[in-house]
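Single-structure report; data block below.
No lab work stands behind these numbers, since they all come straight from the coordinates. Model, not experiment: these values are computed from the prediction. Note: ideal-geometry Cβ built from the backbone for every residue, glycine included; neighbour counts use all protein chains shown.
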Amino acid sequence: LLGSLISRISPNLIRYASSSSASSTGRKVAVLGASGGIGQPLSLLLKLSPLISDLSLYDIQHTKGVGADLSHIETRAKVKAYVGKEELGNALKGMDLVVIPAGVPRKPGMTRDDLFNTNATIVADLVSACAKNCPRAIIAIIANPVNSTVVIAAEILKANNVYDEKKVVGVTTLDVVRAATFVAEAKGLDPTKVNVPVIGGHSGNTIIPLLSQVSPPVSFSQQELDSLSTRIQNAGTEVVEAKAGTGSATLSMAHAGARFSFSVLEALSGKQGVVECGYIASHDGEFSHFATPLLFGRNGVEKSMGTGKLSDYEKKLLEKAKKELNTNIQSGLTFAKQYL
Ligand code: NAD
Ligand code: LMR
């Protein structure tokens, strides 16, 4: 019933209820920061998935209520709620995938980097607990500034001798989701059929949409290229300003986080050809971390699909991104050194 209801609402949402790709064993997924603006709707969407057998909700507050509420939904995943540091270890044991939306969001006038001081420690503490309790789990980091928090996570896992660079990914799916929506709007296309790769990082001008590689192929005037690229880069700020001090994107991010999680889980269960963009350790270019389309497999990221051939316009965007991305990566490294 749920399946037919959801599939009538949107073909994209079939993934929430389809049983065709459900693994018989089911996967164990933890959401850290599960009581938050992203955490609650993300946990709801994950609870709807037949791919998940166990859903572990952790936060420093309110998870017992969120968990009780979600546990009444008639779907497969068994929900367990954990609250406070002393319950964190148990929340993580046996997890296949840990999604981290814990941390403070922006208010108008702030950059994502302004969140660094608070969120760096939150992510470092949570990833340290992952290193001890679920060292083989895939870790998907939503907490900002993603360009730095992923670097911090990598350094912490390295220090604990459990780092597998195929398993630590910054979630940039919201940039891809937005790019598809805005391109579809501009060109009168079905947004569910549009794919726009987005590379680089996840802040301001480090977000580099590849409008020369849109599928299905579309061409843009210079004015369209400028306005679409700028809107995609500033879309987070668009939401922060519209929310006027009450937070940043939560609902679209919950969708993006669920989309990313389902892709990871489908690939873990053997589905071939699963590609999502993500921010990950890189050895191809001049950055130690960089977002590209990634091919997922049974062990996490199988390989980066690279950037493809960039247009001159995209090469210029990449040039403009370099300073900020390098600074963000360096901040992550410096923080990790002090933390460890
Ligand atoms: P929120 O304030 O609504 O929720 C954050 C949650 O984290 C709260 O429930 C809080 O109790 C919890 N938390 C704080 N410290 C914690 C800790 N040590 N352990 C576990 N939980 C902890 O914020 P939100 O709107 O859900 O945003 C969360 C983060 O996601 C922010 O950093 C935001 O910038 C980021 N974000 C990223 C993207 C992206 O595309 N990657 C998109 C939107 C938001
Ligand atoms: C987003 O892109 O919406 C998030 O990174 C949140 C923000 O601060 O913009």
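Per-residue counts of other Cβ atoms within 10 Å, averaged by peptide: what ranking do you get for 132-141, 310-319, 78-87, highest first?
The most tightly packed comes first, giving 132-141, 78-87, 310-319.
Could the peptides 216-223, 97-104 be put in order, highest first, of the mean number of other beta-carbon atoms found within 10 Å of their residues?
Top of the packing list down: 97-104, 216-223.
Decide, for the range 204-340, between rounded, prolate and oblate: order the square roots of the alpha carbon gyration tensor eigenvalues as a ≥ b ≥ c, take rounded if a/c falls under 1.5, and otherwise choose prolate if a/b is larger than b/c, else oblate.
In terms of gyration-tensor shape, rounded.
Normalised by the residues of the range 186-322, what does the relative contact order come to in percent, with Cα pairs under 8 Å and at least six apart?
It rounds to 25 percent for the range 186-322.
Please go through the residue pairs Lys187/Lys303; Lys166/Lys337; Lys167/Lys309; Lys78/Lys337; Lys167/Lys337; Lys166/Lys309 and name each one whose alpha carbons sit more than 30 Å apart in this structure.
The answer is Lys187/Lys303; Lys78/Lys337.
Determine the shape class of the range 82-180: with a ≥ b ≥ c the square roots of the Cα gyration tensor eigenvalues, call it rounded for a/c under 1.5, and otherwise prolate if a/b is greater than b/c, oblate otherwise.
Judged from the Cα gyration tensor, the range 82-180 comes out prolate (a/c at least 1.5, a/b above b/c).
If the cut-off is 13 Å between C-alpha atoms, which aspartates and glutamates fall inside it for Lys193, apart from same-chain ones fewer than 8 positions away?
Cα-Cα hits under 13 Å: Glu185.
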